[in-house]
Amino acid sequence: MAIRVLYFAALRESLDCAGETLELPEGMRTLGALREHLHARGGAWSALAQTKNLRAAVNRSMAQPDSTLADGDEVAFFPPVTGG
Amino acid sequence: MGVRVQRQDFDVGAEIEALTGARTDVGACASFVGLVRDRNDGSGVAGMSLEHYPGMTERALEEIVAQAKRRWRLFDVTVIHRHGALRPGDRIVLVVATSAHRADAFAACEFVMDYLKTRAPFWKKERTPEGERWVDAREADDTAASRWD
């Protein structure tokens, strides 16, 4: 299945990537697993380590590591928000 | 009325008038305006750029307003948040809440700001004499939001 992944703010800059379309490996079903998969790319992608203070959304709602993913989903990773 | 995310400035008086002008049952109208400060974390701030997540931002703000309307007796709530390039003194955010009595309007205004600070996908990047820097999230904002749990 294919999903869209977006990156924002300081994370987008450190990855030098605003977004990508990703074909998920067979059996990858959760947000936490996707994060682990991206982290495994190494280099700048180590910013996606589970220990780092990052937030995530699935289909534009805040999501947790156990959130399940489906074909066509829009996933976003970003730093804690600083609006207002 | 409602939620807006926009580059341009807003007129506080006009937004208050929009919620109160056409009716006579509003007894209280509370508003909050957030502005760009010229100092932060010990450095001068020459300006900032505000990034957001189009599509999610509006949704997050609408959800916060819906929660406020479930918690207090409100007639209306307006939230306007700007994005793009801003300078010290510029308005960033406006919350207006109307109700029959002040307690609901005051509380709703504070609640919307506390939740917006921790749940709406905006990120500030400041320009300082030392260069550009992303603003770090503050623990105090999490504490402020958690008092409504």
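Solvent-accessible surface of the protein assembly as shown, taken per residue with a 1.4 Å probe and all protein chains present: 49 Å². Here the 3J(HN,Hα) profile of segment B:112-124, calculated from phi with Karplus coefficients 6.51, -1.76 and 1.60 at θ = phi - 60°, is 4, 5, 4, 6, 4, 4, 10, 10, 8, x, 10, 9, 9 Hz, Gly and Pro shown as x.
For segment A:15-69, run through the GluC sites (Glu not before Pro) and keep only the ones in DSSP coil with at most 13 other Cβ atoms within 10 Å of their Cβ. Write down the numbers at each step before the final one.
Numbers: sites: A:20, A:23, A:26, A:36; in loops: A:26.
Answer in residue order: A:26.
Here the Karplus curve 6.51 cos²θ - 1.76 cosθ + 1.60, taken at θ = phi - 60°, turns the phi angles of segment B:6-14 into couplings of 8, 6, 6, 5, 10, 9, 4, x, 5 Hz, with x standing for Gly and Pro.
Farthest towards the positive end of the charge dipole of the protein assembly as shown, among the residues B:103, A:72, B:40, is the Cα of B:103, using unit charges on the Cβ of Lys, Arg, Asp and Glu. Each Lys and Arg contributes +1 and each Asp and Glu -1, all at the Cβ; summed about the Cα centre of chain A, the dipole is approximately 280 debye. For residue A:67, the amide hydrogen comes within under 5 Å of the amide hydrogens of A:31, A:32, counting only partners 5 or more places away or on other chains and with H modelled in the peptide plane.
Taking chain A as a Gaussian network of alpha-carbon nodes connected by springs under 10 Å, the highest mean-square fluctuation of the residues A:51, A:30, A:21 belongs to A:51.
Spin-label model, residue B:62 to residue A:13: label points 7 Å out along the Cα-to-beta-carbon direction sit 3.1 nm apart.
The trypsin sites (Lys or Arg not before Pro) of segment B:1-63 meeting both criteria, a DSSP state outside H, G, I, E and B (loop) and at most 10 other C-beta atoms within 10 angstrom of the site's C-beta, are B:7, B:23.
Averaged over B:117-130, how many beta carbons belonging to a partner chain fall within 10 Å of each residue's beta carbon? Write down the numbers at each step before the final one.
Numbers: counts 4, 6, 4, 3, 12, 6, 11, 5, 4, 1, 0, 0, 0, 0.
Neighbouring Cβ atoms belonging to other protein chains average 4 per residue here.
Around the amide H of residue A:73, modelled in the peptide plane, lie the amide H atoms of A:4, all under 5 Å away and 5 or more residues distant in sequence or on another chain. The loop-placed trypsin sites (Lys or Arg not before Pro) in segment B:61-149, going by DSSP, that have at most 12 neighbouring Cβ atoms within 10 Å of their Cβ come out as B:73, B:147. Computed extension length for residue B:41-residue B:138: 33.8 nm, one decimal, from 0.36 nm per residue of separation with the Cα-Cα distance subtracted.
Here the calculated FRET efficiency for residue A:21 and residue B:73, from their Cβ-Cβ distance with R0 = 45 Å, stands at 0.45, rounded to the nearest 0.05. Amide H contacts under 5 Å for residue B:3: B:79, restricted to partners 5 or more places along the chain or on a different chain, H placed in the peptide plane at 1.01 Å from N. Modelled label positions at residue A:74 and residue B:6, each set 7 Å beyond Cα in the direction of Cβ, lie 2.2 nm from each other.
For A:35-48, what's the mean count of beta carbons from other chains sitting within 10 Å of each residue's beta carbon? Spell out each step's value before the answer.
Working: counts 0, 0, 0, 0, 0, 0, 0, 0, 0, 0, 0, 0, 0, 0.
Mean partner-chain Cβ count within 10 Å for A:35-48: 0.
Karplus-derived 3J(HN,Hα) values for segment B:81-89, using 6.51 cos²θ - 1.76 cosθ + 1.60 with θ = phi - 60°, are 10, 8, 9, x, 7, 9, 10, x, x Hz; glycine and proline are entered as x.
For the protein assembly as shown, the pair-distance distribution built from all alpha carbon pairs, in bins 10 Å wide starting at 0, is 7, 29, 32, 21, 9, 2, 0 percent. Element breakdown for the protein assembly as shown at a 1.4 angstrom probe: carbon and sulfur atoms account for 48% of the accessible area.
Counting only other chain Cβ atoms within 10 Å of each residue's Cβ, the peptide A:71-83 averages 6.
Once you charge only the Cβ atoms, +1 for Lys and Arg and -1 for Asp and Glu, what is the size of the charge dipole of segment B:60-127 about its Cα centre, to the nearest 20 debye? Present the calculation step by step, with values, prior to reporting the outcome.
Working: 13 positive and 8 negative charges, 41 e Å.
It works out to roughly 200 debye.
Under a model in which nothing but the beta-carbon of Lys, Arg (+1) and Asp, Glu (-1) is charged, the protein assembly as shown shows a dipole of about 320 debye around its Cα centre. The antiparallel fraction among DSSP beta bridges confined to chain A stands at about 75%.
The values are calculated or read from the model by the stated rules, or taken from the named source; none is laboratory data. Bear in mind the structure is a predicted one, so any value in this text is a computation, not a measurement. For neighbour counting, all protein chains shown are included, and Cβ atoms are generated from backbone atoms with ideal geometry for every residue, glycine included. The protein model used for the area step is the full one, side chains on, heavy atoms only, and it has no ligands, DNA or RNA in it. Shrake-Rupley method; radii C 1.70, N 1.55, O 1.52, S 1.80 Å.
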